[in-house]
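Working notes, beginning with the structure itself.
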Amino acid sequence: MLPSLLLIGLLAGALAAIGLLIWARRDRAFASTASVAEAYDRWTDDQLLERLWGDHVHLGHYGDTPRRRDFRQAKVDFVHELVRWSGLDQLPPGSRVLDVGCGIGGSARILARDYGFEVLGISISPGQIERARQLTPAGLPCRFAVMDALALELADASFDAVWTVEAGPHMPDKQRFADELLRVLKPGGLLAVADWNRRDAAVQPLSRLERWVMHQLLVQWAHPEFASIPGFRRNLEASPWAGGLQVTTADWSRATLPSWIESILEGARRPATVLGLGPRAVLLGLRETPTLLLMHWGFATGMMQFGVFRARKPAAESPAA
């Protein structure tokens, strides 16, 4: 028994070392929106994230006092928590909702199926949009389109609600992102945003160690920069499309924190899923593990924060400048 355990340990150590070597030598630094599209196309094509995480490529909600729950169910719970917190559950069926950065459509399908909304999901990644269409049952009022969130090909004031989850870190121009979200939102419409945010520099600048970790979080997953919670609230309220908008924020870091370790543990719980995709999938999983661990560290220490934002656009909209 002991030699077998030793062999398993040595093999695991060797695989971890290979994954760490790949992680250290190859990153996915942001170059343009095209680099974001390419990264998500690759993640979609290799199927590893979908096989392990299901159709929700975002964090889960484990409760205000986090408790153990199924990893995939926590992601579904997150969608319903954000719907309730933002007030979208008060909108009537048939309301038009835009999902910005929709991934492979997990949230969009819940919004359409469980709340009766007519949903348009958009992503910069053609691979994600194709997969979202494949996963969406016929008859569900949910459609998808390839589109740049910084230049939405949509009419002004055309949606009753705008929803976006974990898309902001990929946006090089946070003000333009805020402007586009509000431009397409009708007067009286609801905004729901959830994002990975950095600690505001005015509260506490990053230490030397935190600067290194932050650099890795940016370059490993094609992020140009993280906004702070107060910073993005200012972007929204300062937009020429805000019309006096008042934004409410909260920090869901504690409720979502278990997601990072659970994301890694899914590989151990579903080894056949990883192995069934071949040796390359094993290396891909190992390659992502250091970044997942750094994300956990960042959110656990307060360097990062999971910000949520809600607002109702004033009915008497001021003209855009």
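The values are calculated or read from the model by the stated rules, or taken from the named source; none is laboratory data. Here the structure is a predicted model, which means the values were calculated and not measured. Here Cβ is always computed from backbone atoms with ideal geometry, including for glycine, and neighbour counts include all displayed protein chains. Surface accessibility is based on the protein's heavy atoms, side chains included, excluding ligands, DNA and RNA. Shrake-Rupley method; radii C 1.70, N 1.55, O 1.52, S 1.80 Å.
Among the residues of the range 278-304, count how many are outside any helix (DSSP H, G or I) and either open to solvent by 50 Å² or more (accessible area, probe 1.4 Å) or among the basic types (Lys, Arg) (or both).
Within the range 278-304, residues that are outside any helix (DSSP H, G or I) and either open to solvent by 50 Å² or more (accessible area, probe 1.4 Å) or among the basic types (Lys, Arg) (or both) number 0.
If I ask for residues that are over 17 Å from the mean Cα position of the chain (by Cα), in contact (Cβ under 8 Å) with a residue 12 or more places away in the chain and either within 27 Å of Ser86 (Cβ to Cβ) or open to solvent by 60 Å² or more (accessible area, probe 1.4 Å) (or both), which ones from the range 257-268 would you list? Steps first, please.
The first filter runs over the range 257-268 and keeps only residues over 17 Å from the mean Cα position of the chain (by Cα), leaving 265-268.
Right, trim to in contact (Cβ under 8 Å) with a residue 12 or more places away in the chain and you get 265-267.
Leu265 - this is the single residue of the range 257-268 that is over 17 Å from the mean Cα position of the chain (by Cα), in contact (Cβ under 8 Å) with a residue 12 or more places away in the chain and either within 27 Å of Ser86 (Cβ to Cβ) or open to solvent by 60 Å² or more (accessible area, probe 1.4 Å) (or both).
May I ask you to list the residues in the range 229-240 that are in contact (Cβ under 8 Å) with a residue 60 or more places away in the chain and either small (Gly, Ala, Ser) or over 26 Å from Ser107 (Cα atoms) (or both)?
Here is the first cut: in the range 229-240, the residues in contact (Cβ under 8 Å) with a residue 60 or more places away in the chain are 229, 232-233, 235-236, 238-240.
Correct list: Ala238, Ser239, Pro240.
What number of residues within the range 305-321 satisfy the criterion of being at pLDDT 95 or above and surrounded by fewer than 18 Cβ atoms within 10 Å (Cβ to Cβ)?
Residues in the range 305-321 being at pLDDT 95 or above and surrounded by fewer than 18 Cβ atoms within 10 Å (Cβ to Cβ): 1 in total.
From the list Val57, Val83, pick out the single residue that is part of a loop (DSSP other than H, G, I, E, B), surrounded by 17 or more Cβ atoms within 10 Å (Cβ to Cβ) and among the aliphatic types (A, V, I, L, M).
Step by step, each of Val57, Val83 is checked, and only Val57 is part of a loop (DSSP other than H, G, I, E, B), surrounded by 17 or more Cβ atoms within 10 Å (Cβ to Cβ) and among the aliphatic types (A, V, I, L, M).
Out of the range 219-244, which residues are at pLDDT 95 or above and among the hydrophobic types (A, V, I, L, M, F, W, C)?
Phe226, Ala227, Ile229, Phe232, Leu236, Ala238, Trp241, Ala242
So in the range 229-251, with the set limited to residues that are assigned to a helix (DSSP H, G or I) and of a type in the set (Gly, Ala, Ser), which one is least open to solvent (accessible area, probe 1.4 Å)?
Checking each candidate, the answer is Gly231.
Open to solvent by 20 Å² or more (accessible area, probe 1.4 Å), of a type in the set (Lys, Arg), modelled with pLDDT of 95 or more and within 21 Å of Arg72 (Cα to Cα), is that true of Arg254? Steps first, please.
Values: open to solvent by 20 Å² or more (accessible area, probe 1.4 Å): yes; of a type in the set (Lys, Arg): yes; modelled with pLDDT of 95 or more: yes; within 21 Å of Arg72 (Cα to Cα): yes.
Yes: the conditions hold for Arg254.
If a residue counts only when it is surrounded by fewer than 19 Cβ atoms within 10 Å (Cβ to Cβ), free of Cβ contacts under 8 Å to residues at least 24 places away in the same chain and not small (Gly, Ala, Ser), which helices (runs of 4 or more DSSP H) contained entirely in the range 116-228 have at least 1 such residues? Spell out how you get there, then give the answer.
Numbers: elements: 126-135, 174-183, 208-220.
Once the helices (runs of 4 or more DSSP H) in the range 116-228 are filtered for at least 1 residues that are surrounded by fewer than 19 Cβ atoms within 10 Å (Cβ to Cβ), free of Cβ contacts under 8 Å to residues at least 24 places away in the same chain and not small (Gly, Ala, Ser), what remains is 126-135, 208-220.
Go through the range 105-158 residue by residue and tally those that are more than 17 Å from the chain's Cα centre (by Cα), within 19 Å of Phe78 (Cα to Cα) and β-branched (Val, Ile, Thr).
Of the residues in that region, 1 qualify.
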